[in-house]
Amino acid sequence: MANVKVKPIQIQKISLDTAAQMQDLLAVEEPLEIRIGYGPENDRQQQALAVTMRTPGHDEELAMGFLFTEGIIADKGAILSIRYCVDTGKQKTDNVLRVELKPSVTFDPVKLQRNFYTTSSCGVCGKASIEALQVQACAVSIQSDKEWASTLIRALPERLRAAQAVFKHTGGLHASALFSPSGELLILREDIGRHNALDKLIGAAMERDLLPLADHLVLLSGRIGFELVQKSVMASVPMLVAIGAPSSLAASVAEEFGITLIGFLKQDRFNVYAHPQRVKFNRSIAQ
C-alpha cells in the first residue's frame with residue numbers, strides 16, 4: 001500500500017448477540033499545512049496557506065493540485081521546489097509542506113483569502129460563486145467534441161473498484177480517477193477527503209504534463225459538490241462522472257462552463273445533469 005497509510009486497530013465485531021475480538025484497518029487521517037514561499041530572491045516571504053485533513057501520501061501532488069485549482073499557479077513551471085518543513089514545532093515534520101514559488105510569480109495573500117471565502121464557503125450564494133469562478137477561470141466554456149459511449153461509462157465503476165486497493169481494506173477513502181479517451185485508467189488517487197483526492201489527481205496530471213484535460217473523463221467515488229466542479233473547470237475536464245448525486249449548484253456550474261455532468265452511475269444506468277451531447281447511445285432517448 002505504497003503512498004497511502006493505514007493503521008491497524010483492535011475492535012469488537014458484533015454479530016447478532018455475540019462479540020468477537022479482531023483486527024481492523026483504518027485509513028489514517030492527519031493534518032497537512034501548506035505554506036507558500038514567495039517574493040524576490042533578496043526578500044523571500046512565507047505565508048501559511050491552508051490546513052487540510054488528509055490521508056498521507058502524494059502530498060506534493062495534493063499541494064500542486066490545490067494551488068492550481070485555486071488559481072495560484074498556472075502550471076508546474078511556477079514552482080521552484082516543494083519540501084517538508086524541518087522546524088515545525090509540535091507538528092510532525094511530514095505534516096507541514098512548503099511550496100516555493102519562483103521569484104517571477106505574483107502572489108497576493110490578501111486576494112487569496114477573499115478567493116478562498118468565495119469558492120469554499122457554503123454560505124455564499126450560488127450566483128456569487130459562479131461569478132467568482134468566471135473571473136478565476138477567465139469565463140471560458142470548456143470545449144470538447146469527444147463523445148463517450150454509454151456502455152463504456154457504465155463499465156467505469158467496476159474498473160475503479162478493482163484499482164482501489166486501500167479502499168478494499170478500510171472502506172474509508174474517497175477516490176478520483178482519470179480515464180483516457182479510450183477508457184483506460186491513467187491515474188487513481190484516494191484520500192479521506194473527496195476534495196483532496198481530486199487535488200491529488202489534478203496535481204499528478206500536472207506533473208505528467210496532461211493538463212488541460214480537454215479529452216479526458218474524471219470519475220468520483222462519492223457525491224459532487226460545487227467545489228469539485230470548480231476544480232474540474234480549472235483543469236478543463238469535459239466529462240465529470242460520480243457514483244453519487246450532484247448538488248444543485250454543482251449542476252448549475254457544470255451547465256455554465258460546459259461540463260457534461262453525470263451522477264448516480266451504476267452498471268445499468270446513470271443520470272445526465274448537464275451537456276448530454278457528449279454521451280453516445282446505441283438507441284435514441286425517449287422524449
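Of note:
- Flag if VAL99 is of a type in the set (A, V, I, L, M) and either part of a loop (DSSP other than H, G, I, E, B) or more than 17 Å from ASP199 (Cβ to Cβ) (or both): no
- In summary, ARG194 fulfils each of the numbered conditions (1) crowded, with 16+ Cβ neighbours inside 10 Å; (2) modelled with pLDDT of 95 or more; (3) closer than 22 Å to GLY71 by Cα; (4) not aromatic (Phe, Trp, Tyr) with the single exception of condition (2).
- Any hit, segment 143-165, residues being touching a strand residue (DSSP E or B) at 6+ places or on another chain (Cβ under 6 Å), of a type in the set (Lys, Arg) and modelled with pLDDT under 95: yes
- Any hit, segment 25-45, residues being within 13 Å of GLU100 (Cα to Cα), modelled with pLDDT of 90 or more and hydrophobic (A, V, I, L, M, F, W, C): yes
- Residue list for segment 245-266, restricted to those being within 14 Å of LEU219 (Cα to Cα) and modelled with pLDDT under 95: LYS266
- Top-ranked residue in segment 1-58 [being assigned to a loop (DSSP other than H, G, I, E, B) and polar (S, T, N, Q); ranked as farthest from LEU173 (Cα to Cα)]: ASN42
- Here ILE73 meets each of (1) in a loop (DSSP other than H, G, I, E, B); (2) surrounded by fewer than 16 Cβ atoms within 10 Å (Cβ to Cβ) with one exception, condition (2).
- Every listed requirement among (1) modelled with pLDDT of 95 or more; (2) under 15 Å from PHE66 (Cα atoms); (3) surrounded by 23 or more Cβ atoms within 10 Å (Cβ to Cβ) is met by PHE179 save one, (2).
- Test: residue in segment 253-273 that is closer than 22 Å to GLN143 by Cα, without any contact (Cβ under 8 Å) to a residue 40 or more places away in the chain and part of a loop (DSSP other than H, G, I, E, B): no
- Scanning segment 204-224 for residues that are more than 27 Å from SER81 (Cβ to Cβ) and buried (at least 20 other Cβ atoms within 10 Å of the Cβ) turns up HIS216, LEU217, VAL218, LEU219, LEU220, SER221, ILE224.
- Neighbours by Cβ (under 7 Å, 6+ apart or cross-chain): first from segment 176-202, closer than 17 Å to ALA162 by Cβ and in contact (Cβ under 8 Å) with a residue 24 or more places away in the chain; second in a strand (DSSP E or B) and of a type in the set (Phe, Trp, Tyr): LEU185/PHE179; LEU186/PHE179
The values are calculated or read from the model by the stated rules, or taken from the named source; none is laboratory data. The shown structure was predicted, so the numbers you read here are calculated from the model rather than taken from an experiment. Glycine also receives a Cβ, built like all others from the backbone with ideal geometry; neighbour counts cover every protein chain displayed.
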